[in-house]
């Protein structure tokens, strides 16, 4: 077994993945051997890992400056890629920069430049202007979900970034959408296409939920009771609608989180953390959640509002039935409503009467210390087990950030934990532990 094969096996073991899928294998080979690769594959098939594995094989340990740059259309996707890259445990420094966090925080992270930098176009362009990044060391560029970046108006910043990368040796573009024109400023000459879009997502079922009333709230409530305690996303077209749906679910005592563009960045991040760790089983979201959020094991999505375009329908559906899991996309529509052409004729789900889903047994605590304080997940778990007197089954997912951490714990242990560990020392730092 070669050194690289051993490294890859160790990374996959850390991520809990038995083997790569066909798309990931082919993408890896293409990226290793070609200077220009366009990777097309449905949402949820593992594109992030498909490009990160070969990137890390090409980075050089001990080399100064940023070696690889990944540009994403959203903060959430930047955070997700950074998180996956860190979990791979390669030993390379990795950072993400994006709008919604202070530039001074970025500067602190970039004082010692990472080998791999992930960011949104506007923030990367800003750092190029203020010269916090060594542009001449960047040899490898990934434009992840490049079509979305162009769609939401980042063309100017992306043009500026590419003009400032004279020593690029490799370009990788990814998308989950067919037939998107690659703009000339990207400068591709003879790209190799790795196209798995025709394969689709084999485990996905698409079904209808028919509302007898034009106002679909009551039907939504019944459907959620019928579906029970499973993680799912309810997609709305507008943030005002999210508030209305959220108020209704609160009245029905159905716990949930919300996620949309008008929220503060901190609240958006925390909504996703609570969804990932099981504090919330349901998330009501706009299409902002249709791409680039890292939430495994979503069993269903509900189109509360019909999407305006086929691409949105595809990307929403791609949130469930990810990788090797199955899942169902439900189109909730009024009995007399005409469905758009891109939604096929669907079998209707029979909604059976059921009790309101039980609240999650989990809650989330905030810990005011993180990676920058030399604190690890193991340190936090140790504190909660020893000083907090919790059992292993009472501590769930731990998400470690640069300056803080978020931990899922059993709700019935929250008072005990805070009483025993709040304001205590973890490594050399006194940390606050509070419920969020």
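The values are calculated or read from the model by the stated rules, or taken from the named source; none is laboratory data. None of these values were measured; they are calculated from a predicted model. Using ideal geometry, Cβ is built from the backbone for each residue, glycine included, and neighbour counts are taken over all protein chains shown.
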Answer yes if at least one residue in the range 103-112 is under 19 Å from residue 51 (Cβ atoms) and modelled with pLDDT of 90 or more, and no otherwise.
-> no
Determine, yes or no, whether residue 153 is under 17 Å from residue 75 (Cα atoms), in a loop (DSSP other than H, G, I, E, B) and assigned by TED's automatic domain parsing to the domain that holds residue 31.
-> yes
When residue 34 is evaluated against the numbered criteria (1) within 22 Å of residue 161 (Cβ to Cβ); (2) buried (at least 21 other Cβ atoms within 10 Å of the Cβ), which criterion, by number, is the only one it fails?
-> (2)
Would a scan of the range 103-117 turn up a residue that is on the phi > 0 side of the Ramachandran plot and touching a residue at least 40 places away in the same chain (Cβ under 8 Å)?
-> no
Looking at (1) over 25 Å from residue 409 (Cα atoms); (2) under 14 Å from the mean Cα position of the chain (by Cα), which is the one condition that is false for residue 259?
-> (1)
Might you let me know whether the range 157-164 holds any residue that is more than 24 Å from residue 340 (Cβ to Cβ), surrounded by fewer than 16 Cβ atoms within 10 Å (Cβ to Cβ) and free of Cβ contacts under 8 Å to residues at least 24 places away in the same chain?
-> yes
Residue match in the range 297-308 (condition: modelled with pLDDT under 85, touching a helix residue (DSSP H, G or I) at 6+ places or on another chain (Cβ under 8 Å), surrounded by fewer than 19 Cβ atoms within 10 Å (Cβ to Cβ) and assigned to a loop (DSSP other than H, G, I, E, B)) | no
Out of the range 278-290, which residues are at pLDDT below 85 and buried (at least 24 other Cβ atoms within 10 Å of the Cβ)?
-> 289, 290
Just give me the residues in the range 319-333 being buried (at least 20 other Cβ atoms within 10 Å of the Cβ), under 10 Å from residue 297 (Cβ atoms) and at pLDDT below 75, in sequence order.
-> 322
So which residues in the range 128-152 are on the phi > 0 side of the Ramachandran plot and surrounded by fewer than 21 Cβ atoms within 10 Å (Cβ to Cβ), if there are any at all?
-> 131
Within the range 217-231, is even one residue assigned by TED's automatic domain parsing to the domain that holds residue 307, surrounded by 15 or more Cβ atoms within 10 Å (Cβ to Cβ) and assigned to a strand (DSSP E or B)?
-> no
Which residue out of 165, 204, 173 is touching a helix residue (DSSP H, G or I) at 6+ places or on another chain (Cβ under 8 Å) and either closer than 30 Å to residue 252 by Cα or not assigned by TED's automatic domain parsing to the domain that holds residue 65 (or both)?
-> 204
Could you tell me which residue of the range 233-265 is surrounded by the fewest Cβ atoms within 10 Å (Cβ to Cβ), considering only residues that are touching a residue at least 40 places away in the same chain (Cβ under 8 Å) and part of a helix (DSSP H, G or I)?
-> 265
Which of the residues belonging to the range 49-80 are within 23 Å of residue 182 (Cβ to Cβ) and surrounded by fewer than 21 Cβ atoms within 10 Å (Cβ to Cβ)?
-> 58
Could you check residue 178 against (1) touching a helix residue (DSSP H, G or I) at 6+ places or on another chain (Cβ under 6 Å); (2) at pLDDT 85 or above; (3) not assigned by TED's automatic domain parsing to the domain that holds residue 326 and say which number it fails?
-> (2)
Test for residue 136: is it outside any helix (DSSP H, G or I) and in contact (Cβ under 8 Å) with a residue 24 or more places away in the chain | no
Per the list (1) over 23 Å from the mean Cα position of the chain (by Cα); (2) surrounded by 14 or more Cβ atoms within 10 Å (Cβ to Cβ), residue check on residue 9 breaks on (2)
Every residue from the range 156-174 that is farther than 15 Å from residue 70 by Cα and assigned to a loop (DSSP other than H, G, I, E, B) | 166, 167
Take the residues in the range 81-102 that are at pLDDT below 90 and closer than 21 Å to residue 151 by Cβ, then tell me which one is surrounded by the fewest Cβ atoms within 10 Å (Cβ to Cβ).
-> 100
Would you mind finding the one in 131, 105 that is part of a helix (DSSP H, G or I) and assigned by TED's automatic domain parsing to the domain that holds residue 13?
-> 105
Selection from the range 41-61 of residues at pLDDT below 90 and either touching a helix residue (DSSP H, G or I) at 6+ places or on another chain (Cβ under 7 Å) or closer than 26 Å to residue 5 by Cβ (or both) yields 41, 42, 43, 45, 46
